[in-house]
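What follows is a short report on a single structure.
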Amino acid sequence: MEHFAERNIIAAIARQQARTAADLVRGIGDDCAVVRKAGGLVDLWTTDALVEGVHFDLAWHPPELLGRKAASVNISDIGAMGGRPRFALLALGLPAACPKEFLDKMVAGFLDVLAEHDMVLVGGDTVYAGERLLLSITVCGEMAEKQVCYRSAARPGDLVWVSGCLGNAACGLELCRQGWQGQEEYALLCRAHLDPQPQVRLGRMLAESGLIHAMMDISDGLATDLAHICQGSGVGAEIMAEEVPLAGELQKAAAALQLSTMQLALQGGEDYQLVFTSPAQNSGPLRNLSQEAGVDIACVGRIVAGAQVMLRQDGEWRDISFQGYEHRF
Ligand code: ADP
Ligand code: MG
């Protein structure tokens, strides 16, 4: 049997889908679909599913945090375009024996995150799903059409920035797998996997500032997500390993687990930080904006002519395009 990667399947579906609509600004291919409405505004649409055994393991993922994560990873895609999340739909595929207490806690966690973002749950679906728990969330957001930050807007000469630290979530997953979850020194890393914080406020501030070109969220690792920006923009990128922001906790844990910090940071995924590009002259104002937002940002490289994401580490260049997480079938 032939095996397909997620990217190829999406590309095939996009080719099959030949229709358009007058008010559709952007369809398949970015963090959200963008639909024009009145008053210079657009609606943003995004959906993401979490499947038991693939995206989470109930052995270490408590129900409240699972509900929180399902909301957060969807909201992250709205923040990735610079938008304001408004409404959510919650589709649940439940296994036969799903205790009511578990469900109540999961929904409470989901609704807590919605409340933190001033959002409303407006519908969903509830079905029997055999063996595995499935959560499929759709979120709608809105923003000014002129401020939407697309993957396709990077230009050669732009600097590449990321928010926060990278690799924490991938390392946290490995720590949970190995039963280190209770260790206080690893709490930040486990939290990054169990309860990611979408950078919605920073995303909105960046979009409103007009200082940046392309933006997306880092769900599959910078190696893959920056490759999406490069592909969408018809450019290449150069990343400097020594500039990639790493938490002290990550460096300690990676050493204990004998894992490569660079591999965790660039290929691990699920950090839900933002990657964005900006002309070099905007660096000063960007640093001020980061201070105002209370979120660290780091310049990790630059956009160049070409098509690859190249990493410079220990004086050597290596192509890391699409080396992050990808579902395979
Ligand atoms: P993200 O990681 O930001 O959620 P994905 O990599 O999941 O984005 O998807 C990339 C693009 O492909 C998005 O525009 C998404 O809406 C679209 N997409 C993914 N799967 C499908 C599908 N089965 N049918 C139509 N569009 C899809
Ligand atoms: Mg995304």
Please work out the FRET efficiency for the pair Ala280 and Ser260, using the Cβ-Cβ distance as r and a Förster radius of 22 Å; give the result to the nearest 0.05. 0.15
Sticking with the crude label model, points 7 Å out along Cα→Cβ, report the distance from Ala187 to Asp23 in nm, one decimal please. 4.8
Among chymotrypsin sites (Phe, Trp or Tyr not before Pro) in the stretch 1-101, those in a DSSP loop whose Cβ has at most 14 other Cβ atoms within 10 Å are Phe4
Run the paramagnetic zone check for Asp104: 7 angstrom along Cα to Cβ, then residues of the stretch 54-80 with backbone nitrogen under 17 Å. 63-65, 67
For a quick check: sort His228, His193, His213 by the number of other beta carbons within 10 angstrom, fewest at the front. His213, His228, His193
With at most 11 other Cβ atoms within 10 Å, longest stretch of the chain clear of loop GluC sites (Glu not before Pro) (DSSP): 132-329
Would you mind ranking Phe329, Phe276, Phe102 so that the residue whose beta carbon has the fewest other beta carbons within 10 Å leads the list? Phe329, Phe102, Phe276
Percent of all Cα-Cα pairs per 10 Å bin for the chain, counting from 0 up to the last occupied bin, reads 6, 26, 35, 25, 7, 1
In a Gaussian network model over the chain where Cα atoms closer than 10 Å are linked, find which of Ser283, Ser76, Ser163 has the largest mean-square fluctuation. Ser283
What's the lysine pair count for the chain at a Cα cut-off below 28 Å, pairs eight or more apart or interchain? 4
Using only the C-alpha atoms of the stretch 151-319, find the volume of their convex hull and express it per residue in Å³. 105
Fewest to most Cβ atoms within 10 Å: Lys105, Lys146 sort as Lys146, Lys105
Given labels modelled 7 Å from the Cα in the Cβ direction, how far is it in nm from Ala38 to Asp112? 3.9
Only Cα pairs within less than 10 Å get springs; with that Gaussian network setup on the chain, which residue of Gly284, Gly93, Gly27 has the largest fluctuation? Gly284
Separation of the stretch 157-188 and the stretch 106-149 by C-alpha centroid, Å? 24
As a test of the formula, what do you get for the chain when each DSSP H run with n ≥ 4 contributes -39,500 (n - 2.57) and the sum is divided by the residue count, at 222 nm and rounded to the nearest 500 deg cm²/dmol? -10500 deg cm²/dmol
Phe87 and Val304 label points (each 7 Å along its Cα→Cβ direction) are spaced in nm at 4.7
Of Ala170, Ala265, Ala97, which is the most mobile in a GNM of the chain whose springs link Cα atoms less than 10 angstrom apart? Ala97
Where in the chain are the DSSP H helices whose alpha-carbon span along the long axis reaches 18 Å or more and whose Kyte-Doolittle mean is at least -0.5? 63-79, 100-116
Between the stretch 216-280 and the stretch 1-67, how many Å separate their Cα centres? 21
Non-local residues with an amide H under 5 Å from the amide H of Arg26, with H modelled 1.01 Å from N and Pro and chain starts lacking one, are Val34
In this structure, the FRET efficiency calculated for Asp125 and Ala12 from their beta-carbon separation, with R0 = 25 Å, to the nearest 0.05, is 0.45
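Values in this text are rule-based calculations from the coordinates and carry no lab data. Everything quoted here is computed from the prediction, not taken from an experiment. Cβ atoms come from the backbone with ideal geometry, glycine included; neighbour counts cover every protein chain shown.
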